[in-house]
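Enquirer: I have a structure here, written as structure tokens, and I will follow up with some questions on it.
The values are calculated or read from the model by the stated rules, or taken from the named source; none is laboratory data. Since we're looking at a predicted model, the values are computed, not measured. Heads up, the Cβs are rebuilt from the backbone with ideal geometry, glycines too, and the neighbour counts pull from every protein chain shown. What goes into the accessible areas is simple: the full protein's heavy atoms, side chains included, and nothing from ligands, DNA or RNA. Shrake-Rupley method; radii C 1.70, N 1.55, O 1.52, S 1.80 Å.
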Amino acid sequence: MTELELKELISKGEGFHLEFKEETVSNETIKKTIVCFANTNGGKILIGVNNDGTIVGVTNPDAKMLNIENLAYNNCEPPITILQETVVSEGKTVIVVNIPKGSQRPYRTNDGKYYIRSTNRCRDASREELLRIFQSAEAISYDELSINRASINDLSLNSFVTFLREKLQIKIEETDSDEIQTYLMNLNLVNKDKIPTITGLLFFGKNPQRFLTEARIICGNIDDIDLATPPSDRKEILGTIPEMIENTEKFLKLHLKQRHIIQGFKPEVEFELPIVAIREAIVNAIAHRDYTLNSAIRIIIYTNRIEIRSPGKLPNTVTLESMKIGTHYLRNSHIYSMLLKLGFVTDFGSGVSRMIKVIKSHTDMDVEFNLTESEFTVIIPRPLKKT
């Protein structure tokens, strides 16, 4: 970095990627700042610059740089690789500490604290933020976490035994046997202490929403094209994931147009949109939503479209375009595994592309997608023609 580049950087002031520190800054502050930059998007620390941007310099740059290197390696877990350089300006030496976004996130200080960058300061990472860092680094799947307030008595073991018999073709008799406990642990439905996981409660919980209030679906029917219009019908869908899928489908069938056709000698109901395609969108929302956000999935039926609104952004490197052609990334791998075993999904990542093709074939219109900081929306057009 040249002197001119340094002055231009200082002129911008402290921000999301930049912090000023004087030579007397404590070791605690340095390691905290290194961790928070590494856990977020990287950044620079300018040692020898005070808060108002005045260059005050460092008297012994070599010793200071050695100390900072030691802090990054020995006082951050895992060790963080940094790059330091010195720039002389106005006869004073400034140390530039370059901290990249870490490849082994999340990082913490050696006293066990996790920090992230927020605007122009470092702060403690919240539980939800920390979980998202773990997820984005593929270090943990949120749905494998256990819920310590719950016990195995909060699971319907009869439902689990039925699942083993009908879906996995496992012959089993006793619902309280050690064999049952083994299957529950092997499927990541309870931990080694028999405490239910998020996945266990979502699929076999007697009352999942007692522990997971975010695990719900809000359905609404609006006789208009505007969200500002009050819904003519609204329903909160609760229960296990299979129950929510079934009851959401019932709500949709109640409000979609239909006609009776004759197939052979029997009348059959044909809906204005293929139910299989809508179910695909609903199952995808359940499988891939961000469960760290305390928000419900929202499904809104308008007169010209259906919107399936799922909490959270797309995971990691998945983009709208890559998703359309079948990019397969699992945010909630254990939830997806259970959906696969129950026959709701395939293991090919073709659900979205299949839904797009089916809707296009049926309506000659395109499925749309919208992404914000907090929500991913699938927009399915309703056919303009009368059914």
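Enquirer: I want to confirm something. Restricting to segment 222-255 and keeping residues that are aliphatic (A, V, I, L, M), more than 24 Å from THR162 (Cα to Cα) and without any contact (Cβ under 8 Å) to a residue 60 or more places away in the chain, which single residue is most open to solvent (accessible area, probe 1.4 Å)?
Expert: LEU254
Enquirer: Here's another thing I want to ask about it. Output the residues belonging to segment 247-292 that are at pLDDT 95 or above and aromatic (Phe, Trp, Tyr).
Expert: The one that is at pLDDT 95 or above and aromatic (Phe, Trp, Tyr): PHE251.
Enquirer: If you don't mind, another one. Determine, yes or no, whether THR59 is of a type in the set (Ser, Thr, Tyr), in contact with a helix residue (DSSP H, G or I) (Cβ under 8 Å, 6 or more places away or on another chain), open to solvent by 70 Å² or more (accessible area, probe 1.4 Å) and more than 18 Å from GLU14 (Cβ to Cβ). Break it down stepwise before answering.
Expert: Working: of a type in the set (Ser, Thr, Tyr): yes; in contact with a helix residue (DSSP H, G or I) (Cβ under 8 Å, 6 or more places away or on another chain): no; open to solvent by 70 Å² or more (accessible area, probe 1.4 Å): yes; more than 18 Å from GLU14 (Cβ to Cβ): yes.
In short, no.
Enquirer: Scan segment 93-108 for residues that are modelled with pLDDT under 95 and not in a loop (DSSP other than H, G, I, E, B) and report the count.
Expert: 1
Enquirer: Considering only segment 70-100, state which residues are open to solvent by less than 30 Å² (accessible area, probe 1.4 Å), in contact (Cβ under 8 Å) with a residue 60 or more places away in the chain and within 15 Å of GLU19 (Cα to Cα).
Expert: Hits for segment 70-100 are VAL94, VAL96, VAL97, ILE99.
Enquirer: Can you tell me which residue in segment 307-344 is surrounded by the most Cβ atoms within 10 Å (Cβ to Cβ), limited to those that are within 25 Å of ALA228 (Cβ to Cβ) and modelled with pLDDT of 90 or more?
Expert: Of everything passing the filter in segment 307-344, SER310 is surrounded by the most Cβ atoms within 10 Å (Cβ to Cβ).
Enquirer: Checking GLY42 against (1) at pLDDT below 95; (2) at negative phi: exactly one of these is not met. Which one?
Expert: Tallying (1) at pLDDT below 95; (2) at negative phi, GLY42 fails exactly one: (2).
Enquirer: Kindly indicate whether VAL87 is modelled with pLDDT of 95 or more and either assigned to a loop (DSSP other than H, G, I, E, B) or closer than 29 Å to ILE133 by Cβ (or both).
Expert: It is false that VAL87 is modelled with pLDDT of 95 or more and either assigned to a loop (DSSP other than H, G, I, E, B) or closer than 29 Å to ILE133 by Cβ (or both).
Enquirer: May I pose another question? Step by step: first the residues of segment 109-121, then only those that are outside any strand (DSSP E or B) and among the charged types (D, E, K, R), then the one that is least open to solvent (accessible area, probe 1.4 Å). Which residue is that?
Expert: ASP111
Enquirer: Related question: Please go through segment 52-81 and give me each residue that is closer than 14 Å to SER26 by Cα and polar (S, T, N, Q), ordered by number.
Expert: Listed by number, the residues that qualify are ASN67, ASN70, ASN75.
Enquirer: Hey, can you tell me all the residues within segment 1-43 that are surrounded by fewer than 19 Cβ atoms within 10 Å (Cβ to Cβ) and either among the basic types (Lys, Arg) or in contact with a Cys (Cβ under 7 Å, 6 or more places away or on another chain) (or both)?
Expert: Answer for segment 1-43, where residues must be surrounded by fewer than 19 Cβ atoms within 10 Å (Cβ to Cβ) and either among the basic types (Lys, Arg) or in contact with a Cys (Cβ under 7 Å, 6 or more places away or on another chain) (or both): LYS7, LYS12.
Enquirer: Can you name the condition, by its number, that ASN51 falls short on among (1) over 27 Å from SER103 (Cα atoms); (2) modelled with pLDDT of 95 or more; (3) open to solvent by 30 Å² or more (accessible area, probe 1.4 Å); (4) in contact with a strand residue (DSSP E or B) (Cβ under 8 Å, 6 or more places away or on another chain)?
Expert: So the condition that ASN51 fails would be (2).
Enquirer: Now, a different point. For segment 171-221, give me the residue count where each residue is touching a Ser or Thr at 6+ places or on another chain (Cβ under 7 Å) and among the small types (Gly, Ala, Ser). Outline the logic, then answer.
Expert: Filtering segment 171-221 for residues touching a Ser or Thr at 6+ places or on another chain (Cβ under 7 Å) gives 188-191, 195-197, 202-206, 208, 214, 217, 219, 221.
Next cut, among the small types (Gly, Ala, Ser) only: 205.
Here the count works out to 1.
Enquirer: Check segment 293-306 and report whether any residue there is at pLDDT below 90 and either loosely packed, with under 15 Cβ neighbours inside 10 Å or within 14 Å of the chain's Cα centre (by Cα) (or both). If you could, list the steps in order and put the result at the bottom.
Expert: Of segment 293-306, the ones at pLDDT below 90 are 293-294.
The next check asks that each one be either loosely packed, with under 15 Cβ neighbours inside 10 Å or within 14 Å of the chain's Cα centre (by Cα) (or both); those that pass are 293-294.
Yes - at least one qualifying residue is present in segment 293-306.
Enquirer: Please enumerate the residues belonging to segment 192-221 that are open to solvent by 40 Å² or more (accessible area, probe 1.4 Å), on the phi < 0 side of the Ramachandran plot and of a type outside the set (Ser, Thr, Tyr).
Expert: Answer for segment 192-221, where residues must be open to solvent by 40 Å² or more (accessible area, probe 1.4 Å), on the phi < 0 side of the Ramachandran plot and of a type outside the set (Ser, Thr, Tyr): LYS192, ASP193, LYS206, ASN207, ARG210, ARG216.
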